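The values are calculated or read from the model by the stated rules, or taken from the named source; none is laboratory data. Model, not experiment: these values are computed from the prediction. Reconstructed Cβ throughout: ideal geometry from the backbone, glycine too, with neighbour counts over all protein chains shown.
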Amino acid sequence: MAPRVKPARRKTIRWQRLDDEALLDVRLCELGLTLEDSPLAAAVAELEADLRQRGLKRFKPHFWLSSDWFSPDGLAGVALPFYLAHPRLVRLERRMMQAVEGGGADARRKLLRHEVGHAIDNAYRLHERRGWREHFGAFSTPYEPHYRPQPHSRAFVQHLPHWYAQSHPAEDFAETFAVWLQPETSWRRRYQGWPALKKLEYVDRLMRELATRAPRSGTRGAYEPLEELDVTLRDYYEVKRRRYAVRFPFAFDRGLRRAFARALPGDRRLSAAKFLRRMRPELVRRVLNVSDTNAYTVEQVLHDMIQRARELRLVVDGSSVSARLDAAVLLASQTMNFQHTGYHRVAR
């Protein structure tokens, strides 16, 4: 098998002052970003200090910039999204996706701890142990495009949103590890009386055993590093938005007809579709205040509501205050229905 030849590194261009349209035509490999010179360096240093504090001094995961958050199977490391490496790219990410995953310090800390859970599993091949399988299930279980969570289950820890530990045995372990990485008094108190505590205690015993052991896999390579991503930001976001777009299997008809009236011939009343477009920022903000879903998902739900309201030829009948409240309740309920019926996309 011929050795892999890395593509020649492209010349870095000056992109920081470009407007959004021009910036979207820049290739990721032309950004010239480095992890060491980015705001992410402090987050990585904090994570490494947490590992040492918890006794894992021989486990030293590798970090690099790439297209997203992930830890590739077989590598003892974590890829971090390039857009968090520069404030200008954070602004572009927010414009394109209406949210920045890992944009806040707490969210970034949670995501790093989760992905390092995958990395330590890779480094020590933990999923091959019988105890791992007994507590978390079979690592070989196929990933499903969607999963159906049980919001009130106490058999799983709650770390990332959407009950992510329930999506796959590997995610269950990574989430449990992420919680374990907190001070022991914290997770013992939080999960007292939960079946999930047995998983945390298993991870605690396992990590104490690993404290003096070198990793079985010392692989520190980088999968899809930023300098090899020969795709423009425009194409990157086209693919990303398509991946996160949601089209729902349930209808809006009943709720829309309750909130709005059917248009009559020659009707001069405000159309429901136009009303919903006008109220879009307020409606999205209201839902985000009562839900842990992301803004892009809420926008997609509202987009479908507007389209269906147009197809049904609905109009605002009566008080706009009442219509605003009805629309907010409908959007919130449909978004939560999406969450609770398991149409979350597995990101890993």
(message) Can you tell me how many residues within region 42-85 are free of Cβ contacts under 8 Å to residues at least 24 places away in the same chain and over 25 Å from Val231 (Cβ atoms)?
(response) 7
(request) Report yes if Tyr236 is in contact with a Lys or Arg (Cβ under 8 Å, 6 or more places away or on another chain) and either modelled with pLDDT of 95 or more or aromatic (Phe, Trp, Tyr) (or both), otherwise no. (result) no
(message) For region 206-222, check the following and say yes or no: at least one residue is touching a residue at least 40 places away in the same chain (Cβ under 8 Å), assigned by TED's automatic domain parsing to the domain that holds Arg58, β-branched (Val, Ile, Thr) and surrounded by 13 or more Cβ atoms within 10 Å (Cβ to Cβ).
(response) yes
(message) Give me the residue from region 34-58 that is polar (S, T, N, Q) and assigned to a loop (DSSP other than H, G, I, E, B) and, out of that set, surrounded by the most Cβ atoms within 10 Å (Cβ to Cβ).
(response) Ser38
(request) Would you mention how many residues in region 69-80 are touching a Lys or Arg at 6+ places or on another chain (Cβ under 9 Å) and surrounded by fewer than 16 Cβ atoms within 10 Å (Cβ to Cβ)? (result) 0
(message) Taking the conditions exactly as written (closer than 24 Å to Pro169 by Cα, modelled with pLDDT of 95 or more and either hydroxyl-bearing (Ser, Thr, Tyr) or touching a helix residue (DSSP H, G or I) at 6+ places or on another chain (Cβ under 7 Å) (or both)), does Leu47 satisfy them or not?
(response) yes
(message) Residue under question is Pro39, and the condition is that it be touching a strand residue (DSSP E or B) at 6+ places or on another chain (Cβ under 7 Å) and either modelled with pLDDT under 95 or closer than 30 Å to Glu184 by Cα (or both); does it hold?
(response) no
(request) Could you please give the count of residues in region 21-33 that are surrounded by 13 or more Cβ atoms within 10 Å (Cβ to Cβ) and assigned to a helix (DSSP H, G or I)? (result) 4
(message) Among the residues of region 91-103, are any polar (S, T, N, Q) and farther than 21 Å from Val231 by Cα?
(response) yes
(message) Just to check your reading of the model, which residue among His127, His152, His135 is more than 30 Å from Ala214 (Cβ to Cβ) and either touching a helix residue (DSSP H, G or I) at 6+ places or on another chain (Cβ under 7 Å) or loosely packed, with under 14 Cβ neighbours inside 10 Å (or both)?
(response) His152
(message) Taking the condition of being surrounded by fewer than 21 Cβ atoms within 10 Å (Cβ to Cβ), closer than 24 Å to Ala174 by Cα and touching a residue at least 40 places away in the same chain (Cβ under 8 Å), how many residues in region 86-110 meet it?
(response) 5
(message) Just the residues that are surrounded by 18 or more Cβ atoms within 10 Å (Cβ to Cβ) and at pLDDT below 95, please, taken from region 174-183.
(response) none
(message) Just to confirm my filter: which helices (runs of 4 or more DSSP H) fall fully inside region 59-173 and include at least 1 residues that are more than 27 Å from Arg242 (Cα to Cα) and at pLDDT below 95?
(response) 105-124
